Amino acid sequence: ILIAALMAPFPVSQASEIGNPAPEIRAYESNSTDELGLLQTLIQAKKLYELQDYQKAVRLFSLIVKYDPTLESAVRGLAETYIALSRPEAALELLEASPVQSKALKRIEILAKALNMKTKAREPFLKTAVEITPDPRLFNLYAKALVENGNYSAARLAYRKAETLGQKPGVFLNNLGMLELKQGNTKRAASLLFRALNAAPEEPRFNNNYRLALLLEGDYIKALDKIESDRAADFLTDGAYIALSQNEIDLAKLLFEKANKISPVFHPRAQYGLALLK
């Protein structure tokens with residue numbers, strides 16, 4: 001807001017309206033007040049990013065970068081936010097055009113390039129990238145590419161390398177759990193994902209993955225226990241389809257009906273499941 005105010009045109013003075021010469025308009029010069037406003041906006045943008053309010057964060061970061069394209073922390077924040085919004089192409093465009101160069105920005109640029117590729121094409125690119133620029137996110141992305149290409153043992157090593165480089169609690173356990181799930185080891189997956197959730201209870205992704213493992217394990221009651229109402233209908237529907245795939249017809253019907261009942265709007269997937277049963 002402060003930046004917008006600083007950049008807004010000045011109103012015409014009353015003196016100029018009665019024929020007196022208008023005051024001279026000088027070019028913008030930096031001062032402590034302007035820098036304070038910029039700093040406050042940057043702090044707010046970073047807070048919004050941490051709160052995962054990426055739409056608002058990207059607007060503030062964009063404003064700062066437009067105002068001062070040489071401010072590295074703002075360029076980095078905007079690029080990271082684009083990636084969080086699944087817009088790696090925008091992050092890449094920003095970084096390639098930026099006058100700022102640093103190791104941190106280069107890592108983000110490599111990450112954006114990899115995310116811009118098709119999943120199976122990422123492996124050779126990232127194999128070289130992680131050797132040149134060791135970074136936990138690059139190693140995790142490399143591991144996922146290995147998983148997609150069926151190289152599970154190498155993926156496990158890449159996940160472990162990411163952990164040694166430092167990352168948020170629970171990420172390593174979650175990745176190992178999803179790897180086990182990919183291989184059909186649902187019991188082992190549920191155990192690892194439960195540990196990931198305990199390491200970071202506030203992380204919704206870990207919660208979702210743990211519940212998914214329980215659904216695949218056939219533990220429907222535990223999978224749906226204490227789930228928030230806005231997510232319950234989708235989970236009930238997922239559970240119903242899993243039950244249906246295992247020929248548990250009565251349970252599938254019950255879960256489809258419950259999903260329809262609690263859904264705030266018409267639930268097409270649940271309705272389609274009931275139609276299949278008929």
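So what is the relative contact order for the chain, in percent, with contacts set as C-alpha pairs under 8 Å and at least six apart?
RCO, the chain: 7 percent.
What list of whole percents do you get for P(r) of the stretch 68-155, with Cα-Cα distances grouped in 10 Å bins up to the one holding the largest distance?
18, 48, 27, 7, 1
Listed here are the pairs Lys103/Lys182; Lys222/Lys253; Lys118/Lys144; Lys187/Lys278; which of them are more than 24 Å apart at the Cα?
In this structure, Lys103/Lys182; Lys187/Lys278 exceed 24 Å between Cα atoms.
Using Cα pairs closer than 8 Å and at least 6 residues apart in sequence, work out the relative contact order for the stretch 47-205, in percent.
Value for the stretch 47-205: 12 percent.
Sort the following peptides by mean Cβ neighbour count (other Cβ atoms within 10 Å, averaged over residues), highest first: 143-150, 42-49, 270-277, 236-243.
Packing order, densest peptide first, comes out as 236-243, 143-150, 42-49, 270-277.
Among rounded, prolate and oblate, which fits the stretch 145-188 when a ≥ b ≥ c are the square roots of the eigenvalues of its C-alpha gyration tensor, a/c under 1.5 means rounded, and a/b larger than b/c means prolate?
oblate
I'd like the orientation of helix 229-245 relative to the chain: the angle between its Cα long axis and the longest Cα principal axis, in ° from 0 to 90, rounded to 10.
Between the helix axis and the principal axis of the chain, the angle is about 40 degrees.
Where a ≥ b ≥ c are the square roots of the eigenvalues of the C-alpha gyration tensor, would you call the stretch 190-268 rounded, which needs a/c under 1.5, or, failing that, prolate if a/b is larger than b/c, or oblate?
Cα axes put the stretch 190-268 in the oblate bin.
If I take every Cα pair under 8 Å that is 6 or more residues apart in the stretch 115-219, average their sequence separation and divide by the length, what percent do I get for the relative contact order?
18 percent
In degrees, nearest 10, range 0 to 90: what is the angle between the Cα axis of helix 186-199 and the longest Cα principal axis of the chain?
Result, in degrees: 40.
Rounded to a whole number, what % of the accessible area of the stretch 59-173 do carbon and sulfur atoms account for, probe 1.4 Å?
On the stretch 59-173, the fraction of accessible area on carbon and sulfur atoms equals 53 percent.
Does the stretch 107-167 come out rounded, prolate or oblate by the C-alpha gyration tensor, with a ≥ b ≥ c the root eigenvalues, rounded set by a/c under 1.5 and, if not, prolate when a/b is larger than b/c and oblate if not?
oblate
Can you grab the distance from the C-alpha centre of the stretch 63-133 to the C-alpha centre of the stretch 136-177, Å, no decimals?
Distance between centres, Cα-based: 20 Å.
Angle check, please: helix 88-97 long axis (alpha carbons) against the longest principal axis of the chain (alpha carbons), in degrees 0 to 90, nearest 10.
Value to nearest ten degrees: 30.
Please give the per residue accessible area of the chain, computed with a probe of 1.4 Å over protein heavy atoms only, in Å².
I get 60 Å² per residue for the chain.
Calculate the dipole size of the stretch 208-264 relative to its Cα centre from +1 charges on Lys and Arg beta carbons and -1 charges on Asp and Glu beta carbons; express the result in debye to the nearest 20.
100 debye
Step through the residues of the stretch 113-129 one at a time and calculate ³J(HN,Hα) from phi using the Karplus curve (6.51 cos²θ - 1.76 cosθ + 1.60, θ = phi - 60°), rounding each to whole Hz and writing x for Gly and Pro.
4, 5, 5, 6, 8, 5, 3, 6, 8, 6, 4, x, 5, 6, 4, 6, 4
Work out the length of the dipole vector of the stretch 80-148 about its Cα centre, built from +1 on the beta-carbon of each Lys and Arg and -1 on the beta-carbon of each Asp and Glu, and round it to the nearest 20 debye.
Rounded to the nearest 20 debye, it is 160 debye.
The values are calculated or read from the model by the stated rules, or taken from the named source; none is laboratory data. This is a predicted model, so every value here is computed, not measured. Using ideal geometry, Cβ is built from the backbone for each residue, glycine included, and neighbour counts are taken over all protein chains shown. Accessible surface is based on the protein model in full, side chains and every heavy atom, while ligands, DNA and RNA are left aside. Shrake-Rupley method; radii C 1.70, N 1.55, O 1.52, S 1.80 Å.
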